[in-house]
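Readers should treat all values here as calculations from the given coordinates under stated rules, not as data from a laboratory. Everything quoted here is computed from the prediction, not taken from an experiment. With ideal geometry, Cβ positions are generated from the backbone for all residues, glycine too; neighbour counts draw on all protein chains shown.
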Amino acid sequence: MNTALKIPGASDVPVPGASVPQADRPAWIPPEILYDWDTDPYAYQTEEELMPAGGPHGQLLGYVMEVLQTFQKSQGRMLLMDAFMLYRNNRGIKRRVAPDLLAMPFRFPAPSSYDLDTEPPPLAVMEVTSPKSHLKDKEDNVLFYAGLGIPAYLVIDAITPQNRLREEIGLCLWRATKGQVRQMQPDREGYLLLPEINMKIRAEGYRMIFAEITTGRILKDNRQLQIMVAEERLRAAQERLRAEIAEKTAEQARQSAAEERLRAERLAEKLRSVGIDPDEIEI
């Protein structure tokens, strides 16, 4: 899709419950805290802001980080994973967001957060979809990240609504230039290009291939991802087997109960045939 979208400013979100005027109150401070708030950007986190560790999302994110980090360091760049990026909305209120991966010039030690008050926009950001973030990653975040001045936004659509790895991974890349954002199309080899970090990427089924743009060199094979997929398929097969066993056990219980009811009904008929009312028998 080559349709260009106009980039708006960052969304205007008012500060809830700020009844006492205070200088530069970040939006993530809970409304009940009026004085002496914690200035650490990682204070007062919510479940929606940072993905929990583990599971297919965390495993895939760790795999991408492992593939790209050494190469980016050799090029004078680095990646931050699940680090808060701090920005201001169009009312000047400071807010935070945690992209899965953020590309920036190399620095030691690595910053724990990335503050757009003092830093230029990142070179690129990447998100790995999750069951809860799928629409947000592929729709809302497109204009949001572009509005922050970030030139490239890559989405790796690899997690199903059932929280499993997709057998067909989808890749989407948006690029922001001159106040517009466009979804980019793959080149003739099927790669999406990220010249900001000298990298290109394509997907073949569940396989992701990362290569250097300038040389075409493949950065790393996907053995680890193959192992992840094999483990995921094994877990899925085990879950199906457990479900089948549970269903068979339940069916056997239903059959046993039906047989007991039938025996009881036949016994009651026999008792009635000899003049005994089964309902009057005390047990």
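At a glance:
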| read-out | value |
| --- | --- |
| Qualifying GluC sites (Glu not before Pro) for segment 25-117 [loop in DSSP, other Cβ within 10 Å: at most 15] | Glu32, Glu47, Glu48, Glu49 |
| Where trypsin sites (Lys or Arg not before Pro) fall in DSSP loop in segment 118-202, at most 10 other Cβ within 10 Å | Lys178, Arg188 |
| Contour excess over end-to-end distance, with Cα ends at Ile218 and Arg182 and 0.36 nm allotted per residue | 10.3 nm |
| Coil-residue GluC sites (Glu not before Pro) of segment 120-222, DSSP, other Cβ within 10 Å capped at 12 | Glu189 |
| Alpha-carbon radius of gyration plus Dmax, which is the widest Cα pair, for segment 235-276 in Å | 18.1, 60 |
| For Met199, distant residues with modelled amide H under 5 Å away | Leu194, Ile213 |
| Long-range amide H partners of Ser133 with built H, under 5 Å | none |
| Relative contact order (%) - criterion: Cα under 8 Å, at least six apart; region: segment 42-150 | 23 percent |
| Residues Thr160 and Ala253, FRET efficiency given R0 of 35 Å [Cβ-Cβ distance, rounded to 0.05] | 0.65 |
| Spherically averaged projected area in nm², based on the convex hull that wraps the Cα atoms of segment 124-175 | 3.2 nm² |
| Residue-wise HN-Hα coupling along segment 28-35, computed from phi with Karplus coefficients 6.51, -1.76, 1.60 (Hz; x: Gly, Pro) | 7, 6, x, x, 6, 8, 9, 9 |
| Descending principal axes extents, segment 84-219, alpha-carbon based, whole Å | 43, 38, 33 |
| Under Karplus coefficients 6.51, -1.76 and 1.60, residue-wise ³J(HN,Hα) of segment 164-171 in Hz, glycine/proline x | 10, 6, 6, 7, 10, 6, x, 10 |
| Cα→Cβ-extended label distance, 7 Å offset, between Arg107 and Thr70, nm | 2.6 nm |
| Sorted peptide list for 88-95, 250-257, criterion being average Cβ within 10 angstrom, highest first | 88-95, 250-257 |
| Integer Hz, Karplus 6.51/-1.76/1.60 couplings in order for segment 143-152, x for Gly and Pro | 6, 4, 5, 4, x, 8, x, 7, x, 9 |
| Out-of-range pairs (alpha-carbon distance over 23 Å; input Lys94/Lys200; Lys94/Lys136; Lys132/Lys200) | Lys94/Lys200; Lys132/Lys200 |
| Residues whose placed amide H lies under 5 Å from that of Phe84, excluding near-sequence neighbours | Tyr114 |
| Spread of Cα-to-Cα distances over 5 Å intervals beginning at zero, given as percent, for segment 82-125 | 5, 21, 33, 27, 10, 4, 1 |
| Segment Lys132-Arg263, extension gain: residue separation times 0.36 nm, minus the distance between their alpha carbons | 42.0 nm |
